[in-house]
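One structure is given below, encoded as structure tokens.
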Amino acid sequence: MSRPSPQAVWAGYLLSLLCALVLQLVELPDALSAARPLWLPLMLAYWALREPQLPVLIPAFLCGLMLDVLYASPFGQHALGLVVLVYIVVRLRSFFIIFPLWQATIALVPAWALYCFLMFWVDGATQHEAEIWLRWLPALSTALFWPLLWSVMELIRSRRGGDED
Amino acid sequence: MNSLHDSYHRPLFPRGPGLGLRTLLLMALALTLIFYDMRGDTLKPARAWTSYALTPIVWVASLPSRLIDVVRGIDSRSTIERENATLKQQQFILSAKLSKMDALEAENRRLRELLASSAHLPDQVLVAEIIAVNQDPYRHQITLNRGSRDGVYVGQALVDAHGVMGQVVDVAPNTSKALLVTDPDHGMPVEINRTGLQTIAVGLGDERGLRLPFLPSNADIKDGDLLVSSSLGGRFPAGYPVGTVYDVKPVAGEHFMEAYAYPAAQLNRGRQALLVWNRGVQADADAAAADEKAAAQDREMQQGDDTGKAAATPAAKPDAAPPPKPAATKPAEATAKPPATEKKPAPATRKTP
């Protein structure tokens, strides 16, 4: 299969980030909202692993700022978390991509946990104290959604690629 | 070179700043932003513009819940008829209560005038629709469809039919953000309705509701006590229900008790909220404070020639028996009076615990 054109990749990239931002905002029932998967980190990690030539750091930073505004958290909190997460994923890319999907799912759990920890830490540092164990739940739910996201994105890509090329 | 696309160009600078360096720079930038955001208002415009630009995304994200609402809105005829009957009955009862309320309010006003108190029942309200709920589970914030164009101001109290919901923290031209009473950043002065004990209710950030910290260990408070808002601090109108105490327990190793309360307002139900203008009270307090400051300055300036007058006025108006209309109710009137009398009203009309 030939590679899709860079324009198509870029369009898909931006569109998927936008979708992730919307998914991050969609209202969930109270019981589920603590377990909302971290859609933006998921999407950014996917692109960082799949298309290493794409710039991810700056988009991660900008998406983080948007998320901060939408969540009314301190300006820069999610930006910090996303930048650190993306750095780790890019740095350890060769490590993550040698695994089959289910092992990569497990290997990525520490990355999500680190993101949760950064959010928790900034919240603590800015005197916004809400320390409950539920804070670590997104790390788990995000890991569960990783195989799903990867397969769905691959499916979309293969179909689009087949149409265009 | 088979894997490279035709449009691939060799970059001008084969190696930009390394990944680690760029990450460090961005992290430093993010930390600086956090620092300045917590310290002052310098980043407010950036935030406002971004939030304005992101309005379409918020709208798209609210579509699913709106769709659910629409689907739920499809009712059968019999349900609607039944609901109509219930509502009519309720409306009848409420209007009866309201007419009684009018009489009580009039009586209350007369009694308050007799007591020369400045507290008014707040009557200027505005119905606002809740257009978004913050999806961060640890920030209890809502967005309302009223903003500075409707006269909403930061610190304005927000109530619903059952009690105090929270206060406005951020105002944009057409929308405003409000912090709910259960947010961990939120604290408000409350009064225990049964005993009149004044204390502070802090949000817990989860479904357990409110916490009343640092109660004296002999405080008279028990399960089922109703908390009502207190006008201390000048933000909330007095007398609205805030919550019901459900647990009182001593803190291990401390000399304090803590009480927990469920919020009275139905925070996660309903789409409407009521904005209450309590600015009169606050403006009075501000005006009184400003007058006091001005009076102090005046006294310093006129100490030489005006001592006789300043000493005579407090004697003419002893604070044990204030006049029926105290100065705090009318700041304009207060400014006209000689400076020395204005020290009194603001603290005297405030109820202290």
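Just so you know, all these numbers are worked out from the coordinates, no wet-lab data involved. It should be emphasised that the depicted structure is a prediction, and the values quoted were computed from it without experimental measurement. Note that we place each Cβ from the backbone using ideal geometry, even for glycine, and neighbour counts take in every protein chain shown.
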Problem - Anisotropy class of the stretch A:62-165 from Cα gyration tensor, a/c 1.5 cut - result: prolate
Fill in the blank from the handout: Within the stretch B:217-232, the residues whose backbone N lies under 15 Å from a label point placed 7 Å from the Cα of B:Lys249 along the Cα-to-Cβ direction are B:223
Exercise for the section: Could you work out the mean count of beta carbons from other protein chains within 10 Å of each residue's beta carbon in A:24-32? Expected result: 5
Exercise for the section: Report, in whole Å, the centroid distance computed from the Cα atoms of the stretch A:18-51 and the stretch B:46-62. Expected result: 17 Å
Exercise for the section: Before anything else, pin down the relative contact order of the stretch B:94-284: Cα pairs under 8 Å, at least 6 apart, normalised by residue count, whole percent. Expected result: 22 percent
Practice task
Obtain the nm distance between the two label points defined at A:Ala8 and B:Asn108 by a simple spin-label model: each point lies 7 Å from its Cα along the Cα-to-C-beta direction.
Solution key: 6.9 nm
Exercise for the section: Express in whole angstrom the spacing between the alpha-carbon centres of the stretch B:25-42 and the stretch B:184-228. Expected result: 35 Å
Handout entry: Whether the stretch B:94-284 is rounded, prolate or oblate, judged on the alpha carbon gyration tensor where a/c under 1.5 counts as rounded
Key = oblate
Handout entry: Peptide B:48-58, shielding by other chains (average Cβ, 10 Å cutoff)
Key = 3
Problem - Projected label distance in nm at A:Arg91 and B:Leu98, using a 7 Å step from Cα toward the beta-carbon - result: 6.5 nm
Fill in the blank from the handout: For the stretch A:6-159, averaging the sequence separation of alpha carbon pairs under 8 Å that lie six or more residues apart and dividing by its residue count, the contact order in percent is 25 percent
Handout entry: Charge dipole (debye, nearest 20) of the stretch B:94-284; +1 at Cβ of Lys and Arg, -1 at Cβ of Asp and Glu
Key = 360 debye
Practice task
Compute the long axis of helix A:109-125 from its Cα atoms, compare it with the longest principal axis of the Cα atoms of chain A, and write down the angle in degrees, 0 to 90, nearest 10.
Solution key: 40 degrees
Exercise for the section: Mind checking A:99-106 for the average number of partner chain beta-carbons within 10 Å of each residue's beta-carbon? Expected result: 0
